[in-house]
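The values are calculated or read from the model by the stated rules, or taken from the named source; none is laboratory data. No experiment lies behind these values; they were computed from the predicted model shown. As a convention, Cβ positions derive from the backbone with ideal geometry for all residues, glycine included, and neighbour counts pool all protein chains shown.
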Amino acid sequence: MAEIIYLNDKLVPRARARISVFDWGFLYGYGLFETMRAYRGEIFLLERHLKRLMDSAQVIGLGPALVGIDLGKACYDTLRANNLDEARLRLTVSGGETDAFPWVGGGGTPTVVVTARPYTPFPAEKYEQGFRVGIASLRRPRHSPVSRLKSTSYLTSVLARMEAAAHGLDEALLLNEDGCIAEGGGCNVFFVRKSGLVAPSLDSGILPGITRGVVMELAKALGIGVREGDLRLSDLGHFDEAFVTNAIIGLMPLVAVKGEKGQDIVIGDGRPGKITKSLMAAYKEMVERETG
Ligand code: PMP
């Protein structure tokens, strides 16, 4: 069966899903996206993803153009049209096609695209081994509001991840311009110290991850303390555990960081820790409760 794409109110076969060469998303990276996970045919935390997208759309001036478009229905229609249960969905919106420059003319009709593709999770062994990450040479600007948006201007993440992959690492870890730990190329990061969670604060220049928010709620419910602030590479040696989060992989233990001089910094004993595992279990339970 041909892959079906949602494009501007229509479900079309992939070969017919085409957008204009004048699309503002293509020309200027003027667009936003959400990546979501479906389990058993249910899109996990769909409402939270849509809220983040709409809040971000207000920030970049795309909000009014999206009013009246049922983005949630578009996501479910795409999932169902592709007959998928376990899937990775991507909802992308952009300023659409107009001849004017974005800073001159008003926007046109937005482009709305949803794709739903089969998703095979990492094997259980990967969650037992954990990720190894490398410090990216690119920085995440903490004072730029763009760092807080999941925008189609995704070049910093792409380049950071390419750099990590070229070194055989699972993910990149980006610092901000003050040298504080910000986030992964496509994930947020948490550390554990003295049985409490420690995370880079939102003003470190990070995306307010949906999974990050959920993990904080789960931690509080389990009586695990949560502290946010400025974290430095020199703190890494003091942490007992670490993990990264995003909507696709959930929580993935982080066991080692390749430092800027190529040295390996092992977190804790180099294996997924107790707090990490208890939060992974709580997250799994939540997924089952909400999508079971
Ligand atoms: N930071 C960045 C840069 C990301 O691309 C992602 C993935 N969306 C995240 C963090 C994690 O966000 P979420 O938990 O909403 O997937």
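The residues of region 198-212 that are over 19 Å from Pro141 (Cα atoms) and either within 14 Å of the ligand (Cβ to nearest atom) or buried (at least 24 other Cβ atoms within 10 Å of the Cβ) (or both), listed by number, are Ile210, Thr211, Arg212. Looking at Lys284, Lys277, which is the one that is free of Cβ contacts under 8 Å to residues at least 60 places away in the same chain and within 16 Å of the ligand (Cβ to nearest atom)? None of the others qualify; the one that does is Lys284. For region 173-187, a tally of residues being under 13 Å from the mean Cα position of the chain (by Cα) and buried (at least 24 other Cβ atoms within 10 Å of the Cβ) returns 4.
Of all the residues in region 84-101, those that are in a loop (DSSP other than H, G, I, E, B), of a type outside the set (Phe, Trp, Tyr) and over 20 Å from the mean Cα position of the chain (by Cα) number 7. Might you let me know whether region 74-81 holds any residue that is acidic (Asp, Glu), buried (at least 16 other Cβ atoms within 10 Å of the Cβ), more than 29 Å from Ser147 (Cα to Cα) and modelled with pLDDT of 95 or more? For region 74-81, residues acidic (Asp, Glu), buried (at least 16 other Cβ atoms within 10 Å of the Cβ), more than 29 Å from Ser147 (Cα to Cα) and modelled with pLDDT of 95 or more: present. For Met216, the criteria (1) more than 8 Å from the ligand (Cβ to nearest atom); (2) outside any strand (DSSP E or B); (3) surrounded by 23 or more Cβ atoms within 10 Å (Cβ to Cβ) hold in every case but one, which is (3). Taking region 29-83 and the helices (runs of 4 or more DSSP H) fully enclosed by it, the elements with 2 or more residues that are more than 16 Å from the ligand (Cβ to nearest atom), farther than 17 Å from Ile249 by Cα and not β-branched (Val, Ile, Thr) are at 63-66, 71-81. How many residues are among the small types (Gly, Ala, Ser), in contact (Cβ under 8 Å) with a residue 60 or more places away in the chain and more than 25 Å from Tyr30 (Cα to Cα) when one looks only at region 120-164? Total meeting the criteria: 2. Just so you know, in region 251-261 the residues that are touching a strand residue (DSSP E or B) at 6+ places or on another chain (Cβ under 9 Å) and over 16 Å from Asp235 (Cα atoms) include one that is surrounded by the fewest Cβ atoms within 10 Å (Cβ to Cβ), and it is Pro253.
Applying the condition of being over 29 Å from Lys274 (Cα atoms) and more than 13 Å from the chain's Cα centre (by Cα) to region 147-166 and asking which residue is farthest from the ligand (Cβ to nearest atom) yields Ala166. Considering region 171-185, the residues that are touching a Phe, Trp or Tyr at 6+ places or on another chain (Cβ under 9 Å) and in contact (Cβ under 8 Å) with a residue 60 or more places away in the chain include one that is farthest from the ligand (Cβ to nearest atom), namely Glu171.
Residues to consider are Phe239, Phe243, Phe191; find the one that is aromatic (Phe, Trp, Tyr), within 15 Å of the ligand (Cβ to nearest atom) and touching a strand residue (DSSP E or B) at 6+ places or on another chain (Cβ under 7 Å). Result: Phe243 is the single residue among Phe239, Phe243, Phe191 that is aromatic (Phe, Trp, Tyr), within 15 Å of the ligand (Cβ to nearest atom) and touching a strand residue (DSSP E or B) at 6+ places or on another chain (Cβ under 7 Å).
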